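For reference, the structure discussed in these notes is given below.
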Amino acid sequence: MEDSLRKEDPLELAARYLRQRRELGEEELYLSPGLFDSIEKSPQEKSELLKELYDSSRDCTKCGLHEGKTNYVFGTGSASSLVMFIGEAPGREEDLQGEPFVGRAGKLLNRILVAIGLKREEVYIGNILKCRPPENRDPLPEEIEACLPHLYQQIDIIKPRVIVALGRVAAQTLLKTNLPMSKLRGRFYDFNGYPFLVTYHTAALLRNPQFKKPTWEDMKILRRYYDKITGENFKFYDEE
Ligand code: SF4
């Protein structure tokens, strides 16, 4: 487990673990609704903590990528989101605008969110790297190592109920594996106590339309899990 997560309050870790067991259907555990909510931070506290983290990390120089960046691309969305998406790194548009997933791939992500009944502002979207690699090349291992603590701190503040890795770099990095996407996608993992789902990056969907069908299947898995958490019952457009 990473250092930033290791420091987490053991009571909070226990609460999250028990709640996850309940969501997975372990009926013998009786946990009254809200029992652990009081030990979680309020939405306002989370927002303030994220802002503090942004302010303290925006001038980061821990790897060479800071030299070529236009903007530090921290992340966007609700600090108290139930769902956190994690992509790879800012591209050209993201670097220019200072926000992740705003180019063509971002617009596709927005459409996917709409299709599963979620709004962009309801979820949190971040990346493994906060500064753009030149020519959108793959992140180097040392860049990932330098940047990951920022992401771990974001996760630690937001404490989402489910994390979705968008693409190979996010999935392989966080799951510490070299397995290909075809083997990783479509199922849940445990990432430091968080339910963790893997699907294709929307930029890959733009290049490879054959990935759209499996991605839609993954998004349905996500939405069904979200319904389980919230008690909602979303109807997919292709299942009505
Ligand atoms: S990519 Fe990450 S580690 Fe590198 S300079 Fe930017 S914020 Fe710092």
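Can you tell me the accessible area per residue over the chain, all protein chains present, probe 1.4 angstrom, in square angstrom?
Per-residue accessible area for the chain comes out at 51 Å².
Highest GNM mean-square fluctuation, the chain, Cα pairs closer than 10 Å: which of Gly126, Gly87, Gly106?
Comparing Gly126, Gly87, Gly106 in a Gaussian network model of the chain, the most mobile one is Gly106.
What number, rounded to the nearest 500 deg cm²/dmol, is the helix-based mean residue ellipticity at 222 nm of the chain, given -39500 (n - 2.57) per DSSP H run of at least four residues and division by all its residues?
Here the helix-only value at 222 nm equals -13000 deg cm²/dmol.
Listed highest first by mean packing, meaning other Cβ atoms within 10 Å per residue, what order do 210-216, 226-232, 157-163, 112-118 come in?
So the order, starting with the most tightly packed, is 157-163, 112-118, 210-216, 226-232.
Choose one of Ser182, Pro139, Gly106: the residue whose Cα lies farthest towards the positive end of the charge dipole of the chain (beta-carbon charges +1 Lys, Arg; -1 Asp, Glu; about the Cα centre).
It is Ser182, whose Cα lies furthest towards the positive end.
Rounded to the nearest 5, what is the percent of antiparallel bridges among the DSSP beta bridges in the stretch 45-239?
Of all bridge pairs located within the stretch 45-239, approximately 35 percent are antiparallel.
Could you name the lysines whose alpha carbon sits less than 29 Å from that of Lys46, not counting residues in the same chain fewer than 8 places away?
Lys7, Lys62, Lys69, Lys107, Lys119, Lys130, Lys159, Lys176, Lys220, Lys228
Which percent of the accessible area of the chain is formed by carbon and sulfur heavy atoms (probe 1.4 angstrom)?
Answer for the chain: carbon and sulfur cover 51 percent of the accessible area.
From largest to smallest, what semi-axes in whole angstrom does the chain give when each is the square root of 5 times an eigenvalue of its alpha carbon gyration tensor? Working shown, then result.
Details: eigenvalues 147, 105, 53 Å².
Over the Cα atoms of the chain, the semi-axes work out to 27, 23, 16 Å.
Out of residues 5 or more away from Leu197 or on other chains, whose amide H comes under 5 Å of its own, with H placed 1.01 Å from N in the peptide plane?
Distant-sequence amide H within range of Leu197: Ile163, Val164, Ala165, Tyr189.
Below 14 angstrom from the Cβ of Thr177, what's the summed charge of the other residues (Lys, Arg +1; Asp, Glu -1)?
Spelling it out: positives minus negatives among the neighbours equals +4.
Give me the extension gain from Tyr189 to Gln97: residue separation times 0.36 nm, minus the current Cα-Cα distance, reported in nm with one decimal. Working shown, then result.
Numbers: separation 92, 0.36 × 92 = 33.12 nm, distance 3.25 nm.
Answer, rounded to one decimal: 29.9 nm.
The values are calculated or read from the model by the stated rules, or taken from the named source; none is laboratory data. All values reported here derive from a predicted model rather than from experimental measurement. Glycine also receives a Cβ, built like all others from the backbone with ideal geometry; neighbour counts cover every protein chain displayed. Quick note on the areas: whole protein, heavy atoms, side chains included, nothing else; ligands and nucleic acids left out. Shrake-Rupley method; radii C 1.70, N 1.55, O 1.52, S 1.80 Å.
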